[in-house]
Every structure is written in structure tokens, then in C-alpha cells.
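The structure appears right after this line, and notes come after that.
The values are calculated or read from the model by the stated rules, or taken from the named source; none is laboratory data. Only a predicted model underlies this, so the values are computations on that prediction, with no experimental measurement involved. So basically every Cβ, Gly included, is an ideal-geometry build from the backbone, and we count neighbours across all protein chains shown.
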Amino acid sequence: MKKVISAVILISILMSGYLMAESKDILNLQIKDTIAKFEKRAKGGQAFLDKKCAGYLVMPNIYKAGFIIGGEYGEGGLVIDGNITDYYSIVTASIGFQAGAQKRSMIIAFLTQDALNAFRQKNKWKVGVDGSISVANWGGGIDLSTVDFKQTVVAFVFDEKGLMANLSIDGSVFKKIKK
């Protein structure tokens, strides 16, 4: 019975992604607001995004929920040279130790042109298969513009609301969408 309930919850979460889809204008405003929040919270954040990134994917609202079986959905935009060039969704299904619901924001920084090109070449890009993303441990007054990351793709997760007993982006699928 628990498996049936969990499957219904997962399907509801994944289907609700379509209901949570924002219009292009609203999503653009949310992307700009998320960038401003990041730059305000992360010392050197603006210089990092402007000078150290070939491009970055901004996901303003990623919704995640689950109990044993879970899922998440969000939409965002790829920013290159200060302009939103393409739109993407993130979808993740997961099984394992997890409980709760959460909303969070995420910026995925592509630190090299090769990493950005590899991401853009695929219509669907799966974390762990098509490439890996390292979740950055940031804060504590560290100036991001002075950090030399060893990875070529780094994620910054922030603005978390709710409670979820798990944080992973492995298995997430980013898909190019039309807005």
C-alpha cells in the first residue's frame, strides 16, 4: 500500500510541474531576481558570474517532495554574456531515504566553454551520464571571484524553504524547453 501511495505522490509531483510552469515574462523576472539574490548573498558573486563563467543556468524555483519515492521539477534559463539564451526544465525522480517537501533555487555555473558546449549540444542532459555537477560549499565570507574550482560545472543551491531530508542532483535531467 505504501508503494502505491508513494507512486501516486510521485506521479502527482511530476505532473504538477506542468501546472507550475511560468510564462516566459514571469520566468525572466524570476531569473533576474534569483541572480540578484545570489550576487547579494555570495561575496564576489557578480564578478564570479561575469568573469569566471562561460555561461550559467538559473533555476529560480525547484520544487521537490517525496516520502521514500520522490520527485522534483523546475524551470529556468541559460544566461550567456548577460542574456537569457535558452530555457530548460529539471526533472528528477528518486527512491531512497527522503521525506518532506522543499523549494530551492540553484545556479549551475559552466566554468569552461567546453563544458557549456557539451551541455548545449544535447536536448536532454542527464547528471552523472552526460556530465557531472559538483555542488559547491559556499558562504562564510569566501569571495567566489577568487576561488579556483577544480570542476568545470559547479552548482550553487540557496534560498531553500521547507524541509527535505536529502539533497542530491544526481540523476536529474535537464531538458531544453520552449517558452
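Take the residues of region 36-50 that are under 17 Å from Met106 (Cβ atoms), surrounded by fewer than 20 Cβ atoms within 10 Å (Cβ to Cβ) and touching a residue at least 24 places away in the same chain (Cβ under 8 Å): which is nearest to the chain's Cα centre (by Cα)? Please lay out each step first, then the result.
As a first pass, look at region 36-50 and keep what is under 17 Å from Met106 (Cβ atoms): 36-42, 45, 48-49.
With surrounded by fewer than 20 Cβ atoms within 10 Å (Cβ to Cβ) added as a condition, the list becomes 36-37, 39-41.
If we keep only those that are touching a residue at least 24 places away in the same chain (Cβ under 8 Å) as well, we get 37, 41.
Working: Lys37: 15, Arg41: 17 Å.
Per the stated criteria, the residue is Lys37.
Tell me the residue from Gly100, Gly96, Gly66, Gly76 that is in a strand (DSSP E or B), in contact (Cβ under 8 Å) with a residue 60 or more places away in the chain and crowded, with 19+ Cβ neighbours inside 10 Å, please.
Exactly one residue qualifies, and that residue is Gly66.
Quick one: in region 67-118, which of the residues that are modelled with pLDDT of 95 or more and of a type in the set (Asp, Glu) is farthest from Gly131 (Cα to Cα)?
Among those residues, the one meeting the criterion is Asp81.
For Leu57, all conditions in the list (1) under 22 Å from Thr146 (Cβ atoms); (2) modelled with pLDDT of 90 or more hold save one; what is the number of the exception?
Here Leu57 meets the rest and fails (1).
When you check Phe158 against the structure, is it buried (at least 20 other Cβ atoms within 10 Å of the Cβ) and within 26 Å of Lys40 (Cβ to Cβ), yes or no? Let's see the steps before the verdict.
Details: buried (at least 20 other Cβ atoms within 10 Å of the Cβ): no; within 26 Å of Lys40 (Cβ to Cβ): yes.
It is false that Phe158 is buried (at least 20 other Cβ atoms within 10 Å of the Cβ) and within 26 Å of Lys40 (Cβ to Cβ).
Give the number of residues within region 93-121 that are of a type in the set (Ser, Thr, Tyr) and farther than 24 Å from Asn28 by Cβ. Steps first, answer last, please.
Filtering region 93-121 for residues of a type in the set (Ser, Thr, Tyr) gives 94, 105, 112.
Of the ones still in play, those that are also farther than 24 Å from Asn28 by Cβ are 94, 112.
The number of residues fulfilling the criteria is 2.
Gln102 - would you say it is farther than 25 Å from Ala42 by Cβ and not hydroxyl-bearing (Ser, Thr, Tyr)?
Numbers: farther than 25 Å from Ala42 by Cβ: no; not hydroxyl-bearing (Ser, Thr, Tyr): yes.
Taking the combined requirement at face value, the residue does not satisfy it.
Across region 79-93, what is the total count of residues that are in contact (Cβ under 8 Å) with a residue 40 or more places away in the chain, farther than 19 Å from Ala118 by Cβ and out of contact with any Ser or Thr (no Cβ under 6 Å at 6 or more places or on another chain)?
Total satisfying the criteria: 3.
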